[in-house]
Every structure is written in C-alpha cells, then in structure tokens.
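Engineer: Structure incoming, see below.
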Amino acid sequence: MTTAAHLCRSVAPAAGIGLRAPHYREMLARRPPLAFLEIHSENYFGAGGPPHHYLEQLRQDYPLSLHGVGLSLGSGDPLDTAHLAKLKQLAGRYQPALISDHLCWTSVDGTHAHDLLPLPFTRAMAKHVARRIVQAQDTLGRRLLVENASSYVAFAQSDMTEWEFVNEVVAEADCLLLLDINNVYVNAVNHGFDASDYLAAIPSARVAEIHLAGFDTDERVQCLVDTHGKPVHAPVWALYQETVRRIGPRPTLIEWDADIPPLDVLLDEAAKANAILEQCHALAA
Amino acid sequence: MRWQHDWMDALRRPAGAPASGLRDARDLARFEVYRASFEANLGHALRDTYPVVNRLVGEDYFGQVARAYLRAHPSHSGDIHAFGAEFESFLAAQDSARDLPYLPDVARLEWLAHQAFHATDATQLRLAALAELPPDSYADLCLLPCVRLMRSEFPVHRIWQVNQESWGGDAVVRLEEGGVRLAVTREGLDIALLPLEAEAHELARALFECGSLDAASEDMADTDSLGRSLHALISAGLVAHTGTHLNSQ
C-alpha cells in the first residue's frame, strides 16, 4: 500500500510553486503538473477552515514543502517551543517532503517583527544559530532546511563573508540548505560582492531546494529589496543556470507573495525553471 | 543580544536607525527599508483581518491607525494570524470612534469572524439526527467550535454584509434598524452571521462558556425556554455533538 509518507518524502528535482489562497480553487480544478507545492507553515497553524480544506485535497497530488517564517532561528530569545510544537503537529498531519525556515531573526523578548531580519556574520552567531537548528531538528525528528536571507544593511561586527557564515552554520548544525538565488543576487548588489563567488562556495551536497523570486529596487537608498512581487529577473535566471550546471538539478520554487498574479504566470515561471533543469540534465547526460 | 532590542525599538519608532551595530551611514539610511517592511507586513495582516473597517475608514486612515496600533500593541506570536486582537479597544479610543460609533463593534465582529475562519472543523448536528441520539447523550451537545457570539447596539451584521465585495444590493444601512445578537459562524467555507433571538443567544452564550449542554443547562435562568432555544440553535446549524466533533481534527 502506498502511504502518504511514502508518496511525499521526496521531491523530484523540478519546479514547484508557492500555494497561495487566491489560487486554491483553480489549483484544485486544474491540478497542473508540478514537482511540489510550498506553503507558509504559519498560514496553516489554525486548526481547521478553508486553508486545511484545500491543502488536504491538494496534498493528495503534490509533495509538500513547509516553509516557515516564524522560528526566529537567530533570535537571542530561547527557541519558541510552542511554535515548534505547532510546526511538528503540522508536519505530522501533512508529511511534508521538506521543512524549512530562514537564517535570520524575527523576534526578541517575545515581540515579533514578522520580517526576516539580518544577522551579523560572526563565528559566535553561527554557533548560536546552529545550536537552535539542532534543537529544532531534534524536536522535529528530521533535518531542517535553512534559507540564506536577503539583507539591506551590514553589521560592524561581521568578520566573515556571508557564504562563510552560511557554510559554518550548515556544517555545525548538519542541516540542509535552501539556496535562495534571488537573495544571493540581491545581497551581491547591495553589499558589493560577486554572486558567483558566493555560489561557488556553497556546499552542493547540502542544497536540498532552490528558491527563485523577483525583487524591487528602492531608489531612495539604492538598494534591491526582496519583495517576491515580480517575475524572476534575468541575472537571477543566469545565476540559477550557472548553479544548476555546477551542483545538478534541485527542486526549485517559484516564490511570489506580493501582488500575486494569475496562476498561469507562476506556471510560466515554473516552466522556465524546468527548461533550465532539463537543459542541464541533457548536458550532463 | 542587546542589538536585537535596539533593532526592535527602532522598528517601532516612526524614524531613525538602531543606536549601534550598523556599519556605516549607508546602512543607517537603508534601515528605513526594514521599517517600511515591518509596517507593511503588519499593516497588511491587519487589513486582511479587518477588511470592513478598512472600507469604512478608507485606506489612508486605516494605514495611519494600523501604524499607531502596531506600535502600541506589538505582535507576541510567530503566527501573524494572532496579531490584531486588541484592535477593537484601540479603535474605541481613537477620535474616529466619535464619527463612526459602530466601528469598534465592526472590528469585534471581524476578529470573531477571523477566529471562526481558522477554527477546528466539526460536523453540524442536524435536527433529523437529534431524534436518533439517545436522550442521555443530550448532555454532550455543544456549539460548533467555529461559533462565536456577540451583541451590538448597532446593526453590525448589516454593515458587514453590505461591505462584502460580493454584495450587489442596496448599500445603505440605517442605524435605526437597531442592535443585534449574533452568532458568527462558518457555513461550508464561508463566514455566516446569524441573528439570534435573545433566549437562543443566551443559551448559545452558556454553551460557549460551559462547553456542553450538561453544564450550560445548570446556568440557564429559565429552563422552560431551553427546548425552544436548543431547537433554534440546531436549526441554525450551530450545534455539534461532542462525540462527533472530536474525531474530525
């Protein structure tokens, strides 16, 4: 017998999209071919209602990725065990293939900013975050993916590059990496490094998923902002291609959270990602 | 990590960067991107929970009130859906409440609808099924987990109704229509507002507070009305049997 766990513990290295409420009905009616669906875990922390009504059905046809924004892995607070317990309950209910959160902090003293705030890149911070990832993994009983975050400012105390920091965290925590290529590009422009240097340093064996999204530009402070409200930009597609050539194909998410477009726009973006994945596959064959 | 406190304080101020930690002047200027994002994320969350309040006061004023609210009542949960619980009382203390006296009640209604939306699923008890229940299990009758109750001196259910995007009828509500006792519930996937008679509302309130009919009936002043009221609540689709809703989680 095929169990849900058996079906969806793994994801094909092809494109998926974020499942968003405006697309629920159309997704159910059309069930387009996608390697996986990603949800924001916290949007399903409620006990019932429409979100679960739709997810229960779509879950029959797609492997799931639970992508969290609330674990606050870099916070100075103790890890929020109630939040973690809800995540574990959600994972128990839906048997996702992937569970992720971000290399950032979102709360302090129990006050939540609901924004992915940056961390200074120091050895001490890497150890701090890694300890909390280990605690989360121990509670969940499985490995977590952590996503490299976008950032708009730099800290005086940072004494290593972002990619050194990311490498140190994932090695120390023995976790997986959700490589957000848009975030690498945004940070490269904002902080003036070469995105290829970053991507070349990433431990490919740990990359379990890739994120692609669009950014905006804040002209006042000359800064790229990771808004998830646009198509993937050309230089990010180029970096994606470069990365897939180097590390091989990975499950790839088209992430779109602001000004959510018609479903077909997301499917077109997913098709572009698939074309790059297939092209690299053909080259490798 | 003192610097995180400095960041949170700075995010919650109208302007200015954290006191220490950032590298140079460019970083201090770019901190504004974080404040804008912080205000936008929480503002959107509030607007998603309170769409009718937003329509009644307009986007601009809502934005102002939302910024004031998130400074006065920051979020205390990693789940953004828990944000906004004190919006009703906050609105009541604003000047706007003088012009729109019903606004806090509309906010309470929307907060209850927000809770109903995410509440545990359960099976409604149908009137026809009541006859099949053994009488000794009547004590286990309870409200559906999604049901919330409120009273207002204003016709807030009508205000809510005409401000739904799907509403195509007359958009005028006369405040002289008077107050209402409401059950806020979910019918299928949609929020439904059901006006109740006083005695049915009283029973629903007792069920809500006591959990089951067994406990609620002890609270009821007038047991004669119990049967009538229970019939009304079951007919309205607001009742479940504890034996049937526990396994639907």
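Engineer: Inside region B:1-84, counting only helices (runs of 4 or more DSSP H) that do not spill past its ends, which hold 1 or more residues that are facing chain A (nearest Cβ under 7 Å) and charged (D, E, K, R)? Before the answer, list the steps.
Structural biologist: Values: elements: B:2-12, B:25-49, B:51-57, B:59-72.
Counting at least 1 such residues, we get B:25-49.
Engineer: Right, another one. Under 9 Å between Cβ atoms, which residue pairs at least 6 apart in sequence (or on different chains) link something in region A:129-148 that is more than 27 Å from A:N182 (Cα to Cα) with a partner that is assigned to a strand (DSSP E or B)?
Structural biologist: Sorted first by the residue in region A:129-148, then by its partner, the pairs are A:L140/A:I99.
Engineer: Right, another one. Which count do you get for residues in region A:68-96 that are at the interface with chain B (Cβ under 10 Å from one of its Cβ atoms) and either among the small types (G, A, S) or within 14 Å of A:H128 (Cβ to Cβ) (or both)?
Structural biologist: 9
Engineer: Taking the conditions exactly as written (over 18 Å from A:L117 (Cα atoms) and in a strand (DSSP E or B)), does A:L212 satisfy them or not?
Structural biologist: Numbers: over 18 Å from A:L117 (Cα atoms): yes; in a strand (DSSP E or B): yes.
Spelling it out, A:L212 is indeed over 18 Å from A:L117 (Cα atoms) and in a strand (DSSP E or B).
Engineer: Among (1) surrounded by 15 or more Cβ atoms within 10 Å (Cβ to Cβ); (2) modelled with pLDDT under 95, where does B:P14 come up short?
Structural biologist: It is condition (1) that B:P14 fails.
Engineer: Which condition from (1) among the polar types (S, T, N, Q); (2) touching a Lys or Arg at 6+ places or on another chain (Cβ under 9 Å); (3) within 13 Å of another protein chain (Cβ to nearest Cβ) is the one that A:T139 breaks?
Structural biologist: Looking at each condition in turn, A:T139 falls short on (3).
Engineer: Related question: Take the residues in region A:43-59 that are within 14 Å of another protein chain (Cβ to nearest Cβ) and under 14 Å from A:R20 (Cβ atoms), then tell me which one is surrounded by the most Cβ atoms within 10 Å (Cβ to Cβ).
Structural biologist: In the first step, residues of region A:43-59 are kept if they are within 14 Å of another protein chain (Cβ to nearest Cβ); the result is A:43-57.
Now drop any that are not under 14 Å from A:R20 (Cβ atoms), which leaves A:43-44, A:50-51, A:54-55.
On the way: A:N43: 18, A:Y44: 24, A:P50: 17, A:P51: 20, A:Y54: 18, A:L55: 20.
Restricting to residues being within 14 Å of another protein chain (Cβ to nearest Cβ) and under 14 Å from A:R20 (Cβ atoms), the top hit is A:Y44.
Engineer: Let me ask you something else. Look through region A:243-285, keep the residues that are in a loop (DSSP other than H, G, I, E, B) and aliphatic (A, V, I, L, M), and return whichever of them is nearest to the chain's Cα centre (by Cα). Please lay out each step first, then the result.
Structural biologist: So the first thing to find is which residues in region A:243-285 are in a loop (DSSP other than H, G, I, E, B), and the list is A:248-251, A:256-262, A:285.
Then keep just the ones that are aliphatic (A, V, I, L, M); that gives A:258, A:260, A:285.
Details: A:A258: 16, A:I260: 18, A:A285: 28 Å.
Across region A:243-285, the extreme among qualifying residues is A:A258.
Engineer: Quick one: is B:A139 part of a helix (DSSP H, G or I), at pLDDT below 95 and out of contact with any Gly (no Cβ under 6 Å at 6 or more places or on another chain)?
Structural biologist: Working: part of a helix (DSSP H, G or I): yes; at pLDDT below 95: yes; out of contact with any Gly (no Cβ under 6 Å at 6 or more places or on another chain): yes.
Criteria met by B:A139.
Engineer: Determine whether region B:48-61 contains at least one residue that is more than 20 Å from B:D99 (Cβ to Cβ) and either among the charged types (D, E, K, R) or in the same structural domain as B:L91 (by TED's automatic domain parsing) (or both).
Structural biologist: Let us first name the residues in region B:48-61 that are more than 20 Å from B:D99 (Cβ to Cβ), namely B:48-49.
Now narrow it down to the ones that are either among the charged types (D, E, K, R) or in the same structural domain as B:L91 (by TED's automatic domain parsing) (or both): B:48-49.
Yes, there is a match, as at least one residue in region B:48-61 is more than 20 Å from B:D99 (Cβ to Cβ) and either among the charged types (D, E, K, R) or in the same structural domain as B:L91 (by TED's automatic domain parsing) (or both).
Engineer: Yes or no: A:L87 buried (at least 24 other Cβ atoms within 10 Å of the Cβ) and over 19 Å from A:D226 (Cβ atoms)? Full working, then the answer.
Structural biologist: Values: buried (at least 24 other Cβ atoms within 10 Å of the Cβ): yes; over 19 Å from A:D226 (Cβ atoms): yes.
Judged against the criteria, A:L87 is a match.
Engineer: Could you check region B:17-52 and list, in sequence order, the residues that are of a type outside the set (A, V, I, L, M), surrounded by fewer than 15 Cβ atoms within 10 Å (Cβ to Cβ) and under 19 Å from A:N190 (Cβ atoms)?
Structural biologist: Across region B:17-52, the qualifying residue is only B:D24.
Engineer: Can you tell me how many residues within region A:145-180 are assigned to a helix (DSSP H, G or I) and touching an Asp or Glu at 6+ places or on another chain (Cβ under 9 Å)? Step through it out loud before you land on a result.
Structural biologist: The initial filter retains those residues of region A:145-180 that are assigned to a helix (DSSP H, G or I), namely A:162-173.
Restricting the remaining residues to those that are touching an Asp or Glu at 6+ places or on another chain (Cβ under 9 Å) gives A:163.
Number of matching residues: 1.
Engineer: Taking the condition surrounded by 17 or more Cβ atoms within 10 Å (Cβ to Cβ), among the hydroxyl-bearing types (S, T, Y) and at pLDDT 95 or above, does B:S89 pass? Let's see the steps before the verdict.
Structural biologist: On the way: surrounded by 17 or more Cβ atoms within 10 Å (Cβ to Cβ): no; among the hydroxyl-bearing types (S, T, Y): yes; at pLDDT 95 or above: yes.
So B:S89 does not fit the description; no.
Engineer: Could you check, for region B:122-140, whether at least one of its residues is in contact with a Pro (Cβ under 6 Å, 6 or more places away or on another chain), surrounded by 17 or more Cβ atoms within 10 Å (Cβ to Cβ), touching a residue at least 60 places away in the same chain (Cβ under 8 Å) and not assigned by TED's automatic domain parsing to the domain that holds B:N54?
Structural biologist: Our first condition is that a residue be in contact with a Pro (Cβ under 6 Å, 6 or more places away or on another chain); within region B:122-140, this holds for B:122.
In the following step, the residues that additionally are surrounded by 17 or more Cβ atoms within 10 Å (Cβ to Cβ) were identified as B:122.
Okay, now just the ones that are also touching a residue at least 60 places away in the same chain (Cβ under 8 Å), so B:122.
Okay, now just the ones that are also not assigned by TED's automatic domain parsing to the domain that holds B:N54, so B:122.
Yes, region B:122-140 contains a residue that is in contact with a Pro (Cβ under 6 Å, 6 or more places away or on another chain), surrounded by 17 or more Cβ atoms within 10 Å (Cβ to Cβ), touching a residue at least 60 places away in the same chain (Cβ under 8 Å) and not assigned by TED's automatic domain parsing to the domain that holds B:N54.
Engineer: What number of residues within region B:33-51 satisfy the criterion of being out of contact with any strand residue (DSSP E or B) (no Cβ under 8 Å at 6 or more places or on another chain) and touching a residue at least 12 places away in the same chain (Cβ under 8 Å)?
Structural biologist: Adding up the residues that qualify gives 8.
Engineer: Considering each of B:R205, B:R151, B:R181 in turn, give the residue that is in the same structural domain as B:A240 (by TED's automatic domain parsing), more than 21 Å from A:A47 (Cα to Cα), touching an Asp or Glu at 6+ places or on another chain (Cβ under 8 Å) and outside any loop (DSSP other than H, G, I, E, B).
Structural biologist: Working: B:R205 fails: touching an Asp or Glu at 6+ places or on another chain (Cβ under 8 Å); B:R151 fails: touching an Asp or Glu at 6+ places or on another chain (Cβ under 8 Å).
Within the list B:R205, B:R151, B:R181, the selection yields B:R181.
Engineer: Which residue out of A:E42, A:E26 is more than 22 Å from the chain's Cα centre (by Cα) and not small (G, A, S)?
Structural biologist: On the way: A:E42 fails: more than 22 Å from the chain's Cα centre (by Cα).
After applying the criteria, what remains is A:E26.
Engineer: Which one is nearest to the other protein chains (Cβ to nearest Cβ), of the residues in region A:215-250 that are over 21 Å from A:A201 (Cβ atoms) and of a type in the set (K, R)?
Structural biologist: Only one residue fits best here, namely A:R220.
Engineer: Now a separate question. Could you say which residue among B:R67, B:R71, B:R55, B:R47 is among the basic types (K, R) and more than 30 Å from A:T81 (Cα to Cα)?
Structural biologist: Details: B:R67 fails: more than 30 Å from A:T81 (Cα to Cα); B:R71 fails: more than 30 Å from A:T81 (Cα to Cα); B:R47 fails: more than 30 Å from A:T81 (Cα to Cα).
B:R55 is the lone residue from the list that is among the basic types (K, R) and more than 30 Å from A:T81 (Cα to Cα).
Engineer: Filter region B:85-119 down to residues that are in a helix (DSSP H, G or I) and among the polar types (S, T, N, Q) and give me whichever is farthest from the other protein chains (Cβ to nearest Cβ).
Structural biologist: Going residue by residue through region B:85-119, those that are in a helix (DSSP H, G or I) are B:87-92, B:96-99, B:103-118.
Checking which are among the polar types (S, T, N, Q) leaves us with B:89, B:96, B:115.
On the way: B:S89: 19, B:S96: 25, B:Q115: 9 Å.
Taking the candidates together, the pick is B:S96.
Engineer: Out of the residues in region B:230-245 meeting the condition of being modelled with pLDDT of 90 or more and β-branched (V, I, T), tell me which one is surrounded by the most Cβ atoms within 10 Å (Cβ to Cβ).
Structural biologist: Taking the candidates together, the pick is B:V239.
Engineer: Which numbered condition trips up A:Y62, out of (1) surrounded by 19 or more Cβ atoms within 10 Å (Cβ to Cβ); (2) farther than 28 Å from A:T243 by Cβ; (3) of a type outside the set (A, V, I, L, M)?
Structural biologist: Here A:Y62 clears every test but (2).
Engineer: Do we find a residue being more than 9 Å from chain B (Cβ to nearest Cβ), in contact with a Phe, Trp or Tyr (Cβ under 9 Å, 6 or more places away or on another chain), surrounded by fewer than 24 Cβ atoms within 10 Å (Cβ to Cβ) and outside any loop (DSSP other than H, G, I, E, B) anywhere in region A:97-104?
Structural biologist: Within region A:97-104, not a single residue is more than 9 Å from chain B (Cβ to nearest Cβ), in contact with a Phe, Trp or Tyr (Cβ under 9 Å, 6 or more places away or on another chain), surrounded by fewer than 24 Cβ atoms within 10 Å (Cβ to Cβ) and outside any loop (DSSP other than H, G, I, E, B).
The values are calculated or read from the model by the stated rules, or taken from the named source; none is laboratory data. Because the structure is a prediction, the values reported are computed rather than measured. Glycine also receives a Cβ, built like all others from the backbone with ideal geometry; neighbour counts cover every protein chain displayed.
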